[in-house]
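Take a look at the structure below.
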Amino acid sequence: LVDTCPYQGRCDTYCESFGHICTGAAEEVDETCTELSKYACQQTIPDTSDMLCTCELPRATETSTSEAPSSTTEPSPSMEPSSSTVPGTSLETSTSSPGTTRPWPTLPPWDGESLLVPVSVDAPDTARFIPSSDAYLKPGFTSVQGPKQTNKFWANWVVTEKANFRGDNLPIFPNPYTLVWKSKNAGSSTNDAQLCLSHSEPNYYQSDALPADHYKYFHTPVTCEISLGAKEQTATSGHRVVTESLFGIHMEVYGTSGQQIKFPIFSGGAYLSGHYSGGFTPKLTSGVRALTKVELIRDGVWRFSTNAGKNFRVYLLDESGEFLPSAAYSFDDDGELSRSMHGWVRVAEELSPDDAEVLDTHARAILTDITLQVPSAGKVQYHFSKAGPANISILHYAYAHHLKLMRTEGREPVLAQLTPSKTPTKGKMQGVLGDVWDLRVNTSSAAGLGFLPSGDLSASRRTEVAAEVLAAMETFQGNGWFRWRLAMFRGDYYFSGKGFQKVAMVCLLLEELHPGHEKVKECIDMLEQGFRCLYEPSSAEDCNNAPEQAYYDQVWGGAVSSAGYADDGGCKGHNDFGNACYNDHHYHFGYFVTSAAILAKLRPSFVTNQKFIDYVDTLIRDTTNPSTADTYFPQFRAFDWFDLHSWSRGVAPNGDGKDQESTSEELNLLYGIHLWGDIMGNTPLKQLGETMLSLDVLTIREFFLMKSDNPHFDVGFTKNRVTGIFFQNKVDYTTWFGGEKYYIHGIQMLPLSPALQLSRQADFCQEEWDDVLRDTKPPKNGAKWTSVVVTGNLAIIDPDTAYNRLLQMHATDEMDDGLTKAWAMYWAAVQPR
């Protein structure tokens, strides 16, 4: 029997207060243990001073003890390895026996109706991913059970405060609006329920390091224009996220007597909405502004004006989406409602008087959820759920690239007659009407990508590249600093991953240019030994300095490096670029996924090496789990299905939100998933990778690689040609490791995967070269970046000049640590002329 008041009438809150989980909740009879009525754990039990709660300790992650299917089990026909993955003879010979094999994970056959099917539903291998709950930063302010999103826009608000890390007082960026708590101070007991809406113009800033007509960065100030909250005192526990999806959250705040406000917050939302129940009285204030006018338009429709010259439409609606009568519900001049209410309050900025009619009409269609469907390659749908009348469609904001995807194949979206709404970093959004968005992208280019970049190799250059490939193998097999073990085993996941793909690319070139040569097998042996150190080190010869032991993080649900996991080294980025706190997973693991696909191609026995498959699948599940049926990882950790690209930052809070720096390394993961799905005969995974890759290419070209006609940024910023670090609220022409132009541009060019040919078009590269790179000198102590710039830019617009420059460069001292001279020469040699 529990007192309801300290826990807002919720048993899950009570159980979590001492490290347990709720398994039962009920209202009691006369302060006894007799149940009057049952409730869900996350429900508020109203109108009672006591409640009955059943709590249990969380169960440890269970691992399967069942035996693998026998070798006679047939794989699903739709997932059989394709005939192209069964080459012929000597390359299959391995230096050691493959791991335990079984034809396919224990998944049902693909029904062909959706690409969102699990890669696996099994627990990660506990030997390779040791279960742990010692994460330095833990979830807070959330009732979400199981795996939790770490890289989505709301992550600032679901991290427990620790040391210098605090996120609940920072803004989040669902766009076009920014949201932040008003006066969210530790220990505050009042007004924590005031959720502020900010909607400002970005400010651009110059730097002495750039020409006078260039801007280095732009940033959008966060200002509390208007807030949605309550008259009554709110609980000191603050907000709580009760559900999360791919596109947003439901968040609740509570009163001291059972009151509740639920905020559905989603990317692209046209209104800030709050559902009031239990006796809260709505109160709207203007933070640093002052309300100058509170005007009744008609029943349930109000206009609030501030001294900043901004106007906001405010709506009062009942449960069914009908406007409430002003005779019973009226705001005073301070924005306080005349009585408590049970229903919805919605707010939207009126950018122009002409917007009022559209905002008023669609205010009754209240967004409650967005779900994703990917029925087939290149087809993506957003399904909007709503409260309110069925015949009134949802009003929602779309980015520029959404509109392009809606306009393919002769289709046209239903645009709202609204003033476009400015976002912090991605230009203007346009209002769209409809309960379903149907996005189409052509995946043929992505589907056509092979293991080698497309293009023809002339006879003379074939001879030169073939000789350089053998020279690369000689270096790998030597005793110097550039031998293969030192390339592949760097102690962390990022640089080790680059080394794996570096070796794998040489293996591909050996197979292509020296078929049947003994060096082909020797190179594959090196790649195999490298992977054995990851998935079965007991069968490998020497794994010294291989990437750190990985953990399966039971707290957030993910595969992380042990380096910096239990201390602040991961979240501060001191260890492995923050891998332990979910930074950059799609960069790090993409190198291993792509390299694994290459190994499976070159050594077909690995297509049935289950330990190898499970290891690679775990990396894919961590970054890109397609299905909620996989209960070990959040769905699509990195990829933002609304913004249509990935975010790098994990759980470490930041006032400017999530960020993305290296678009090319993101492409490498999605390219690797396409290859892995193909080589493993996993049709839905292959097509999903191609769809995501195609969407990502479109987004990169829309927002990250800026041609002179880019409409989204000030011309003084587009002259930089690449964005640099792209936060949700700031874009800064720099990198995390330095401000040299070769760094800023080069990080958008590596690795040189065939997917790079899709994003870096010749017209963009020409502008980038003419306006920035042609006259830029390589950085001191950073000459190796020249190899990246020559291959990632010059080779695309002037391949002959690039090839000749590469031919004169030193094979190790002047090459990036993820690039060989052989691969660089091959890349330049096959570019179209």
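The values are calculated or read from the model by the stated rules, or taken from the named source; none is laboratory data. Since this is a predicted model, take the numbers as computed values, not measurements. Neighbour counts are summed over all protein chains in view; Cβ atoms, including those assigned to glycine, are modelled from backbone coordinates with ideal geometry. For accessibility, only protein heavy atoms count, side chains too; no ligands or nucleic acids. Shrake-Rupley method; radii C 1.70, N 1.55, O 1.52, S 1.80 Å.
Return the residues of region 787-833 that are surrounded by fewer than 21 Cβ atoms within 10 Å (Cβ to Cβ) and of a type in the set (S, T, N, Q); say none if nothing qualifies.
Selection gives T801, N804, Q808, T812.
Quick grid of which residues meet (1) in a loop (DSSP other than H, G, I, E, B); (2) on the phi < 0 side of the Ramachandran plot; (3) at pLDDT 95 or above:
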| position | (1), (2), (3) |
| --- | --- |
| L667 | no, yes, yes |
| L670 | no, yes, yes |
| D678 | no, yes, yes |
| G681 | yes, no, yes |
| L693 | no, yes, yes |
| L698 | no, yes, yes |
| R701 | no, yes, yes |
| D709 | yes, yes, yes |
| F717 | no, yes, yes |
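May I ask you to say which residue of G578, G497, G573, G530 is in a loop (DSSP other than H, G, I, E, B) and either touching a residue at least 12 places away in the same chain (Cβ under 8 Å) or surrounded by fewer than 22 Cβ atoms within 10 Å (Cβ to Cβ) (or both)?
On inspection, the qualifying residue turns out to be G573.
Looking for something open to solvent by 30 Å² or more (accessible area, probe 1.4 Å) and at pLDDT 95 or above - is there at least one such residue anywhere in region 265-273?
So far as region 265-273 goes, no, none of its residues is open to solvent by 30 Å² or more (accessible area, probe 1.4 Å) and at pLDDT 95 or above.
Across region 201-216, what is the total count of residues that are open to solvent by 70 Å² or more (accessible area, probe 1.4 Å) and either within 18 Å of K422 (Cα to Cα) or not in a loop (DSSP other than H, G, I, E, B) (or both)?
Summing the residues that are open to solvent by 70 Å² or more (accessible area, probe 1.4 Å) and either within 18 Å of K422 (Cα to Cα) or not in a loop (DSSP other than H, G, I, E, B) (or both) in region 201-216 gives 2.
Looking at (1) under 30 Å from A652 (Cα atoms); (2) outside any strand (DSSP E or B), which one does Y551 not meet, given that it meets all the others?
Unmet for Y551, out of (1) under 30 Å from A652 (Cα atoms); (2) outside any strand (DSSP E or B): (2).
Return a yes/no flag: does region 479-496 have any residue that is farther than 18 Å from G590 by Cα and basic (K, R).
Within region 479-496 (the criterion being farther than 18 Å from G590 by Cα and basic (K, R)), the answer is yes, since at least one residue qualifies.
Suppose we filter region 500-523 for residues that are in a helix (DSSP H, G or I) and either surrounded by fewer than 18 Cβ atoms within 10 Å (Cβ to Cβ) or acidic (D, E) (or both); how many remain?
So the count comes out to 4.
Would you confirm whether any residue within region 159-176 is modelled with pLDDT under 95, among the acidic types (D, E) and either part of a loop (DSSP other than H, G, I, E, B) or in contact with a Lys or Arg (Cβ under 6 Å, 6 or more places away or on another chain) (or both)? Don't jump to the end; show me each part of the working.
Taking region 159-176 first, the residues modelled with pLDDT under 95 are 160-169.
From what's left, among the acidic types (D, E): 161, 168.
Keeping just the survivors that are either part of a loop (DSSP other than H, G, I, E, B) or in contact with a Lys or Arg (Cβ under 6 Å, 6 or more places away or on another chain) (or both) gives 161, 168.
So far as region 159-176 goes, yes, one or more of its residues are modelled with pLDDT under 95, among the acidic types (D, E) and either part of a loop (DSSP other than H, G, I, E, B) or in contact with a Lys or Arg (Cβ under 6 Å, 6 or more places away or on another chain) (or both).
Can you tell me which residues in region 781-813 are within 16 Å of K498 (Cα to Cα) and part of a loop (DSSP other than H, G, I, E, B)?
Selection gives K784, T812.
Looking at region 559-570, which of its residues are open to solvent by 10 Å² or more (accessible area, probe 1.4 Å) and of a type in the set (A, V, I, L, M, F, W, C)?
A563, A566
Look at L372 and say whether it is open to solvent by 20 Å² or more (accessible area, probe 1.4 Å), in contact (Cβ under 8 Å) with a residue 40 or more places away in the chain, closer than 30 Å to P684 by Cα and out of contact with any helix residue (DSSP H, G or I) (no Cβ under 6 Å at 6 or more places or on another chain). Reasoning before the result, please.
Working: open to solvent by 20 Å² or more (accessible area, probe 1.4 Å): yes; in contact (Cβ under 8 Å) with a residue 40 or more places away in the chain: yes; closer than 30 Å to P684 by Cα: yes; out of contact with any helix residue (DSSP H, G or I) (no Cβ under 6 Å at 6 or more places or on another chain): yes.
Against the criterion (open to solvent by 20 Å² or more (accessible area, probe 1.4 Å), in contact (Cβ under 8 Å) with a residue 40 or more places away in the chain, closer than 30 Å to P684 by Cα and out of contact with any helix residue (DSSP H, G or I) (no Cβ under 6 Å at 6 or more places or on another chain)), L372 qualifies.
Those residues that are open to solvent by 30 Å² or more (accessible area, probe 1.4 Å) and hydrophobic (A, V, I, L, M, F, W, C), I need them from region 147-179; list them, please.
Passing the criteria: A163, L170.
Just give me the residues in region 305-340 being without any contact (Cβ under 8 Å) to a residue 40 or more places away in the chain, surrounded by fewer than 16 Cβ atoms within 10 Å (Cβ to Cβ) and aliphatic (A, V, I, L, M), in sequence order.
Matches in region 305-340: A327, A328.
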